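Chemist: There's a structure below that I have some questions on.
Laboratory data are not the source of any read-out in this text; all were calculated from the coordinates shown. Being a predicted model, the structure only gives us computed values, none of them experimental. Ideal geometry is used to build each Cβ from the backbone, glycine not excepted, and the neighbour counts take in all protein chains shown.
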Amino acid sequence: MTMKYVFPKTASADAVRVCVTSSKEDEVVRVASGNVEILLGVSEPEKMTRRKLILLFRRALILAKSKRAKRIFLDVKEVMFSHLGLGEKEVGEMLATNFEMANFQFTEFLTEPKEGFPFVETVEILGASKAFREGIERGRIIGEEVNACRRLANLPGGDVTPETLANEARRIGKGKSNISVKILGVAEMEKLGMGGVLGVGKGSDVPPKFIILEYRGGRKSEAPIIFVGKGVTFDTGGINLKPSDSVLGMNMDMSGGAAVLHALSLSARLGVKKNLVALVPAVENMPSGSSYRPGDVLRSMSGKTIEVLNTDAEGRIILADALHYAKRYKPSLVIDVATLTGAALVALGERASAIFTRDQELETKLREFGELSGDFVWPLPLWEEYDEEIKGTFGDVANIGRTRWGGAITAAAFLAQFATDYRWAHIDMAPRMTAIDGEFLAKGAAGAPVRLLLKIAEEM
């Protein structure tokens with residue numbers, strides 16, 4: 001449900017007012033007129049931060065939905081905390097982005113109740129300047145694409161295959177002269193020597209795909225930024241089968257692929273003046289008589305061989321081929337995004353994605369962009385010493401480390417073997433695959449890191 005934003009001089013009689021109060025707690029009250037008002041408790045406005053403002057906007061929508069409000073209104077001056085130093089356009093963008101994200105719910109397989117689902121349909125904003133309105137429109141588009149990513153990631157594994165991801169790329173590119181789509185099938189990947197993608201995909205009845213989505217927003221001669229997204233549409237673990245309590249939710253193991261597709265779509269909709277490429281190796285990791293096995297040695301597109309010690313470390317194997325493929329573009333920057341390791345979740349909890357790079361300037365930029373976008377990230381080390389831990393015995397590199405420790409780091413060290421000859425960072429978004437309590441989002445996919453990728457596209 002995408003909301004309608006209007007800018008009247010006075011609020012409609014049936015609109016629910018949203019305002020900020022000095023109370024410690026949020027309240028929903030009924031005033032003398034009989035109307036409901038939503039009071040957002042901000043007891044210490046001087047301590048408002050950018051992070052808190054994001055949550056404030058989401059809280060407002062969640063409270064409105066809890067009262068089944070279809071139309072709400074607020075005054076701009078209620079949400080301009082001057083000490084933050086934010087312009088009206090920026091606040092407008094934050095408001096609309098987070099209103100859209102909080103209003104989202106995955107309902108495609110639910111029977112609609114008689115009273116309908118509790119979505120807010122219209123937001124009336126009083127006192128909005130031209131800049132604030134521009135921010136609202138930009139934020140609305142950002143929120144739409146984040147939610148489109150969430151929808152795609154939430155779809156059941158039985159409804160999303162590599163071909164489904166390919167069709168999503170085709171939909172994004174349809175009718176757009178500055179976007180091109182190319183889908184490589186098994187035969188094309190065999191010619192390229194993509195032994196990683198083909199090896200992981202062998203166990204499924206559904207053939208793998210390699211998705212290439214290109215956006216031309218910059219000069220023809222300008223080197224592109226490349227986003228690489230893990231597209232494992234369902235991950236059973238393969239022969240190293242996941243335990244039953246771990247396999248639920250593995251329809252979302254393509255969240256990185258969904259994120260890069262919709263980051264490119266978002267960049268195109270906003271007219272970002274850069275050349276961008278999204279690469280998504282898309283597979284199912286299934287156990288069968290034809291599955292790749294522990295002990296197999298796969299030859300990647302780069303020529304390096306990969307010793308398979310665990311078939312449940314499949315994401316890095318398919319990304320190896322995509323990272324090598326990226327070289328042909330001579331990119332200015334490559335960012336890969338993957339729900340790669342539970343170890344990242346153990347290290348950071350569920351509030352930030354882990355980032356890895358040996359480029360200190362890039363690491364600093366990504367942290368800054370994370371704070372600005374709301375897709376928070378935190379660095380983990382990628383020292384060269386970790387390379388020793390993923391050396392293979394019968395292949396050039398092993399797909400897991402020698403010990404159980406530092407699994408997110410050794411996974412990144414593995415990827416670094418293939419991300420050569422260009423500027424690169426790896427985002428392990430496993431901690432941010434799903435929304436958590438306290439961030440005022442519906443259960444399911446969180447839509448990370450679409451907003452961060454947009455920031456990278458615009459600012460790098």
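Chemist: Can you give me the relative contact order of the stretch 399-459 as a percent, contacts being Cα pairs under 8 Å and 6 or more apart?
Modeler: It comes to 19 percent, rounded to a whole number.
Chemist: Among Gly201, Ser246, Phe227, which residue has its Cα furthest toward the positive end of the charge dipole of the stretch 193-275, with +1 on Lys/Arg Cβ and -1 on Asp/Glu Cβ?
Modeler: So the residue furthest toward the plus end is Phe227.
Chemist: Normalised radius of gyration for the stretch 4-126, please: alpha carbon Rg relative to 2.2 N^0.38 Å, two decimal places.
Modeler: For the stretch 4-126, the normalised Cα radius of gyration comes out at 1.07.
Chemist: Among Lys89/Lys273; Lys182/Lys304; Lys191/Lys220; Lys330/Lys455; Lys4/Lys47; Lys220/Lys327, which pairs are too far apart, with a Cα-Cα distance over 23 Å?
Modeler: Checking Cα-Cα distances, Lys182/Lys304; Lys191/Lys220; Lys4/Lys47 exceed 23 Å.
Chemist: Measure nothing but the geometry: give the 0 to 90° angle between the long axis through the Cα atoms of 407-416 and the longest principal axis through the Cα atoms of the chain, rounded to 10°.
Modeler: 70
Chemist: Another one. Pulled fully out, how much extra length does the chain show between Glu37 and Ser221, if you take 0.36 nm times their separation in residues and subtract their Cα-Cα distance?
Modeler: The span from Glu37 to Ser221 would gain 60.7 nm if fully extended.
Chemist: Okay, moving on. Got a sec to turn the phi values of the stretch 257-272 into Karplus ³J(HN,Hα) couplings, 6.51 cos²θ - 1.76 cosθ + 1.60 with θ = phi - 60°, whole Hz, x for Gly and Pro?
Modeler: x, 4, 5, 6, 4, 7, 5, 5, 4, 4, 4, 5, 5, 8, x, 4
Chemist: When the label point is put 7 Å from the Cα of Glu188 along its Cα-to-beta-carbon vector, which residues of the stretch 210-224 have a backbone N closer than 11 Å?
Modeler: It comes to 210-213, nothing else.
Chemist: If you don't mind, there's one more thing I want to ask. For a quick check: sort Val334, Val232 by the number of other beta carbons within 10 angstrom, fewest at the front.
Modeler: Least to most surrounded, the residues fall as Val334, Val232.
Chemist: With contacts defined as alpha carbon pairs under 8 Å and 6 or more residues apart, what's the relative contact order of the stretch 4-126 in percent?
Modeler: Relative CO of the stretch 4-126 lands at 36 percent.
Chemist: Another one. Along the Cα→Cβ direction, 7 angstrom out, place labels at Asp159 and Met460. What is the inter-label distance in nm?
Modeler: 3.2
Chemist: Let me ask you something else. If you find the alpha carbon centre of the stretch 295-369 and of the stretch 40-87, how far apart are they in angstrom?
Modeler: Cα centres, the stretch 295-369 to the stretch 40-87: 37 Å.
Chemist: Along the positive direction of the dipole of the chain (beta-carbon charges: Lys, Arg +1; Asp, Glu -1; about the Cα centre), which of Phe132, Thr10, Ala442 reaches farthest?
Modeler: So the residue furthest toward the plus end is Thr10.
Chemist: Whats the longest run of the chain with zero GluC sites (Glu not before Pro) that are DSSP loop and have at most 10 other Cβ atoms within 10 Å?
Modeler: 116-460
Chemist: How high is the relative contact order of the chain? Use alpha-carbon pairs under 8 Å, at least six apart in sequence, and give a whole percent.
Modeler: 15
Chemist: Sticking with this structure for a sec: Between Asp421 and Lys130, what length in nm is gained on full extension when 0.36 nm per residue of separation is reduced by their alpha carbon distance?
Modeler: Contour length minus the Cα-Cα distance gives 100.3 nm.
Chemist: Related question: Relative to the longest principal Cα axis of the chain, at what angle does helix 360-373 sit, 0 to 90 degrees, rounded to 10?
Modeler: Helix 360-373 and the main axis of the chain meet at about 40 degrees.
Chemist: Could you give the dipole magnitude of the stretch 150-459 about its Cα centre, charging the beta-carbon of Lys and Arg +1 and that of Asp and Glu -1, in debye to the nearest 20?
Modeler: With Lys and Arg at +1 and Asp and Glu at -1, about 1220 debye.
Chemist: Next up: Using a Förster radius of 60 Å, what is the FRET efficiency between Arg402 and Ser12 based on their Cβ-Cβ separation? Nearest 0.05, please.
Modeler: Here the calculated transfer efficiency is 0.40.
Chemist: Label points 7 Å out from Cα along the Cβ direction at Lys174 and Phe106: separation in nm?
Modeler: Each label point lies 7 Å from its Cα, and together they span 2.3 nm.
Chemist: Let me ask another. Using only the alpha carbons of the stretch 62-152, what is the convex hull's orientation-averaged projected area in square nanometres?
Modeler: Its average projected convex-hull area is 6.4 nm².
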